[in-house]
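In what follows, a structure is listed as structure tokens, so that the remarks can point back to it.
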Amino acid sequence: MYHYLIRRLLLMFPTLFGITLVVFMVMAAAPGGISAQSLIEGQNLEPEVKKALEDYYNRLYGLDDPAPVQYLRWLNNVSPIGFTVDKDGELEGFSLTKGSDLGMSFRYGRPVLDLLAERVPVTLLLNVLSVPIIYLIAIVIGVRAATERGRSFDVGSGVTLLGLWSVPTMLAGVLLIGFFASDQYWHWFPTAGLSRREALVMPFLPHWSAWGDLLLLFAAVAVAVSLCVGISLKGGARLRMLLMAVLGLFLGGMMAAALPGEQGYLVTLVLAAALAGIFALVAYTDYAALRTGVMGIIGLFLGIAVAAHFAQGEFVRGFLLDRLWHLALPVLCLSYGSFAFLAKLTRSAVLENLQADYARTARAKGVPERLVLWRHVFRNSLLPLITVAAGLLPGLLGGSIIVEALFSIDGMGKLAVEAVQSRDRELVLSLTLISGLLTLVGYLISDICYAIADPRVSYE
Amino acid sequence: MERPFTAKDLLLYAFLSLLLLMILLAMYMVDRQWEKLSQMQRVMQEQADDVRSLRDTVRSLDQRLQGGALASAPSGAGAVADPLPASFSRAQAAAQKADYAAGDWLVSAFAVGLKTITPLVSSDRYASDVQNYVLESLLVRDPETLEWQGLIARAWQVSDDGLTFTFQLRDDVKFSDGQPLTAADVVFTYDFIMNPAIAAPRERAYYDKIASVKANGKYEVLFRFKEPYFNSLSLAGGMGILAKHFYEPYLASPETFNQSKGLLIGSGPYRLADPKSWTPDKGGVELERNPRYWGPVQPPLDRLLWKIIANDAARLTTFRNREIDSYGARPREYQKLLEDKELTSRSQHFEYMALTGGYSYIGWNQVRNDKPSRFADPRVRQAMTYLTDRQRIVDEIYLGYAEVAVSPFSPRSRQHDPAIEARQFNLETAKRLLREAGFADRDGDGVLDDAAGKPFKFELVFFQDNEDARRLVLLLKDLYAKAGILMEPKPTEWSVMLDLLNRKDFDAITLGWTSGIETDVYQMLHSSQTVNGGDNFVNYRSKDFDRVVEQARANVNEDQRMALWRQAERILDEDQPYTFLVRGKTLAFIDKRFHNVALTRIGLNLNFVPVEVYVPAAMQKYTD
């Protein structure tokens, strides 16, 4: 095992070298090339001035050196051991302890590390919130779709998820902003950014001016959640559907009433019917886990809404809740399209194992179906999921340019695209290096996980 | 046999992770409280300083009183009635209106995140919008007469040769941290810019025309220029004055300054709450009123906020939600929004031609690969201008919110000769000119051919992300086809476009230039600028034009200079090195609660300093 690990770790170096070399070559060979021109872009400057500017940047960042020299210099800078260079660019000697330096981004005029330190937390926050949601929902639906193969849940969830997958993020984002962040419809969410200005001076955690409100909140949430969960678990299908449909009708009516201006009956009717339909559908499904989960969440929001309505004192949102409130739409945009792939993957893996001999044996010896599924089949179906999870690590840092542009969030996606557009050598190479490294580490981890999940896999 | 995982374990894990989360959140909370504490400490320190300086003033007054200054009180009274500087007259007029009230904020949006707002290091327009409120210069322009007026300078004189400018500074100007602004700060600003260790190559290039800046006593500065230059007063008077005591320490570590994100302090009406700690990840910029502002008229607005909203649709929605106070629309959108009763009922809208707005054009490259191209013939360029139906462009692409550009000079500036009019679309004249230049359809395929039988075909390079340019190019393709000219649109990425311009490797290109209040055409069209890296990428060479422009630039007498500019304009009109396309109008919506928003010759006065817009007390939305 250790031999294998060391071999894999050593193999990373040539791979990373290859990745960065290819990226650098493509960038240097692309029309426009790497040059200081984009820094001086089309300003009314006299040629001597322009020349002076260009010389200045060339001297600072060595942009006019031959491409191989530029690459080798970058390589020397990032490698923890290498040659040291004095102020005039002369080689001083070889050092084993010089440490690695990602260099300066010439577009920003700042160290790449600084930029990363600014952008990584934002992207990480977005992904840390959206990835668990994606995995949880996709696995829950995928497993059920496999056990219910060919029945309405399988077909319905498949169609819905693929439908969501096919909606372009750009469109969904604009629609979400237009409907749920606008005074013209429902102004529930902010349109852009990560926090309101007021939130920057708020305390971090939310707080209430009256203790009674906090108690009320706990009580209302507890009552609403236990009611919903109780109905979901104990109530019959008819009762559930009836109650949920009524709730949906009521909420739909409220939504229509919240629209600005006078609304026709049609809008109210359509909204109420749509919400009632969705709620009833949730209540109708006999998949207890999904049903209870969704109904519990509905109950949670219901409880919060009731508590907020009857609260007496003042409530300060706090930095934390404000941030979450700003992240709601971006996280929704990031996650809705990704369910389909994982759910389908889970479904096919579970399906294959459900028909395997060992599952039949387990059933034959009297193991209950639930245990067969979760104890035996699900564990064996994890392998393809582990393969996919290898992409998770680089994925956590890879931003989405579309979502970031839509919601004006300065994350890694924007940084990467802008870097490529302006041929920002250090920044592009550093981003490539980091994402390459994370991908390779992700593969390594998933290979190790194989060995843990499946005793047949061995690297001796 | 391993113990099965039970619900009890799950509860335990959930509890443990909840505990961990709580500890983490509590740590964050304490950290934020520390920050706030240090903020409060800074404010207290500031107040203590203020009190001390106030006490000093009182003491000195006291001593003067005891020393018998009472006797000269009648003559001292004259000094109290210090006349209001002309630069504050507009703000003063606003302050005397019946519904004037101080308070409220102005919230705007930037489409792009700021990299830095440190002066000199920043290069974008957005950063300079912010700095405009913080840094002050010696002079400002009057928005109506366009004459220079003293701001920090009380008065100024020009030597007879036009090379030396002497400014007398006011003695009551203070930076926002209470330190006085003196001649030493002006000299320091120039020296700081000229220090090669500071990353200000752009400014260094601008101020290269200045030979020296010297202080003469505490409140007088002398600027000496190397050569007579028409724009020298604006160079010297428009320099934003940096605080010596604040920026000087960075000379020891220029890297810290060059990489800084928010080192900004000045004598202007607004200031950063902390002049050192702004970072781009704050998600916007916030300026607060400078409590120590020296000016005779205090700015009405409490705070100025800029949010970053990159997405166009989101910006409009935010304006609809009344979370930002101004919105700049594009023609098509503007027309649609005007019909929106709800929006127009609570906003005021302005459509205006800004004096500094600039123009778009098609540049005809006269030399390609060291050989004269077919556009080297002025008749061909004139014919192309006749073919370019600019009125249709104005009507169809800009929906009337633009005007045909005649020359690089704005028709509202004195540089423009009203006798020169734009060429109208005329297919017949164009065809005749092309025939005279030797183009005819020789093989009967409907496309003009030159004497050698090569078809008249060219590529038009344009910036791919500009929607207006895309629509424009399609229209032009049709128009040129009418005369038998084949035009191939070539959408281009920005960095590639810069490369093409640098190598002058294109047939024709459509771009835009911005204008100044007095537009200089030397960089774009003087023949010396055809060298590598010059902006005369169309290779236009005219001896007459060169001579006239050189004379104009070196002439400091305004009337003579204007006559020369007009002469240059006539040459350009005859030669048509560019086909000047249109000047677009700025279309803006402003929230209705802002009063006294008005158009001036420079443009809308919303962002003028001294601030002249205000919100009446009854309509104020934000309070501190």
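Descriptive notes on the structure:
- Built amide H within the under 5 Å cut-off of A:Phe83, gap 5+: A:Ser95
- Computed on the Cα atoms alone, the convex hull of the protein assembly as shown gives a volume of 250 cubic angstrom per residue.
- Fewest-first ranking of B:Tyr359, B:Tyr247, A:Tyr4, B:Tyr13, using other Cβ atoms within 10 Å as the exposure measure: B:Tyr13, A:Tyr4, B:Tyr247, B:Tyr359
- Dipole check for segment B:88-213: with +1 at the C-beta of Lys and Arg, -1 at the C-beta of Asp and Glu, and the Cα centre as origin, the magnitude is about 240 Debye.
- Histogram of C-alpha separations across chain B, 10 Å bin width, %: 3, 13, 21, 23, 18, 11, 6, 3, 2, 0, 0
- Phi to ³J(HN,Hα) by Karplus 6.51 cos²θ - 1.76 cosθ + 1.60 over segment B:367-378, Hz, x for Gly, Pro: 10, 10, 6, 6, 10, x, 8, 5, 7, 6, 7, x
- In Å, descending, principal axis extents of the Cα set of segment A:164-236: 44, 40, 22
- For segment B:346-433, the Cα-based Rg and Dmax, in that order, read 16.2, 59 Å.
- Sites matching GluC sites (Glu not before Pro) across segment A:279-388 that sit in DSSP coil, with at most 14 neighbouring C-beta atoms within 10 Å: A:Glu314
- Value of relative contact order over chain A, rounded to a whole percent, pairs C-alpha under 8 Å and six or more apart: 24 percent
- The B:Leu21 and A:Tyr185 beta-carbon pair, evaluated with R₀ = 35 Å, returns a calculated FRET efficiency of approximately 0.50.
- Convex hull projection area averaged over all views, segment B:389-441, Cα basis, nm²: 5.3 nm²
- Calculated mean residue ellipticity, 222 nm, chain B: -11000 deg cm²/dmol, from DSSP H runs (n ≥ 4) at -39500 (n - 2.57) each, averaged per residue and rounded to 500.
- Per-selection Rg to Rh, segment B:88-151 - Cα, Kirkwood hydrodynamic radius: 1.04
- Charge dipole of segment A:320-460 (Cα centre as origin; +1 on each Lys and Arg Cβ, -1 on each Asp and Glu Cβ, all else neutral): 680 debye, rounded to the nearest 20.
- Prolate/oblate/rounded call for segment B:376-491, Cα gyration tensor, a/c under 1.5 rounded: oblate
- For B:Phe230, residues with placed amide H under 5 Å, excluding near neighbours: B:Asn555
- Approximating the spin labels as points 7 Å out from Cα along Cα→Cβ, the A:Ile81-to-A:Asp286 distance works out to 6.7 nm.
- Ignoring lysines fewer than eight residues from B:Lys621 along the same chain, the ones with Cα atoms less than 18 angstrom from its Cα are B:Lys307, B:Lys592.
- With 5 Å bins from 0: P(r) over segment A:155-299, alpha-carbon pairs, percent: 2, 8, 11, 13, 16, 19, 17, 10, 4, 1, 0
- Using θ = phi - 60° and Karplus 6.51 cos²θ - 1.76 cosθ + 1.60, couplings along segment A:425-433 (whole Hz; Gly, Pro as x): 3, 4, 5, 4, 5, 5, 5, 4, 4
- Sites excluded, trypsin sites (Lys or Arg not before Pro) in DSSP loops with at most 15 other C-beta within 10 Å, longest stretch of chain A: A:152-364
- Legend: distances between Cα atoms for A:Lys414/B:Lys276; B:Lys36/B:Lys261; B:Lys431/B:Lys543; pairs beyond 24 Å are A:Lys414/B:Lys276; B:Lys431/B:Lys543.
- Computed from the C-beta positions of B:Glu35 and B:His245, the FRET efficiency with R₀ = 25 Å rounds to 0.50.
- B:His595, A:His207 arranged by Cβ crowding within 10 Å, fewest neighbours leading: A:His207, B:His595
- Annotation: amide H-H contacts under 5 Å for B:Ala329 (H modelled 1.01 Å from N, sequence separation of 5 or more, or interchain): B:Leu587, B:Ala588, B:Phe589.
- Furthest towards positive pole of dipole, A:Ile141, A:Pro66, A:Ala416, structure part chain A, Cβ charges: A:Ile141
- Nearby lysines by direct alpha-carbon distance to B:Lys218 (threshold 17 angstrom, same-chain neighbours under 8 apart not counted): B:Lys174, B:Lys244
- Long-range tail of P(r) for chain A (Cα pairs > 34 Å, %): 52 percent
- Listed by Cβ neighbour count within 10 Å, with the fewest neighbours leading, A:Cys333, A:Cys449 appear as A:Cys449, A:Cys333.
- In order along segment A:113-126, phi translates into HN-Hα couplings of 4, 4, 4, 5, 4, 7, 8, 4, x, 5, 5, 4, 4, 4 Hz, rounded to whole numbers, per the Karplus curve 6.51 cos²θ - 1.76 cosθ + 1.60 with θ = phi - 60° and x for Gly and Pro.
- In chain A, the DSSP-assigned H stretches of four residues or longer account for a calculated mean residue ellipticity at 222 nm of -22500 deg cm²/dmol, using -39500 (n - 2.57) per stretch and the full residue count as denominator.
- Positive contributions from Lys and Arg (+1) and negative ones from Asp and Glu (-1), summed over other residues with Cβ under 11 Å from the Cβ of B:Glu220, come out at +2.
- Within a straight-line Cα-Cα reach of under 18 Å, B:Lys490 can be paired with the following lysines, leaving aside sequence neighbours fewer than 8 residues apart in one chain: B:Lys457, B:Lys477, B:Lys504.
- For chain A, the residue among A:Val167, A:Leu9, A:Ser226 whose Cα projects farthest onto the positive side of the dipole built from Cβ charges is A:Ser226.
Every number here is computed from the coordinates shown, using simple stated rules; none is lab data. What you see is a predicted model, and the numbers here were worked out from it, not measured in a lab. Using ideal geometry, Cβ is built from the backbone for each residue, glycine included, and neighbour counts are taken over all protein chains shown.
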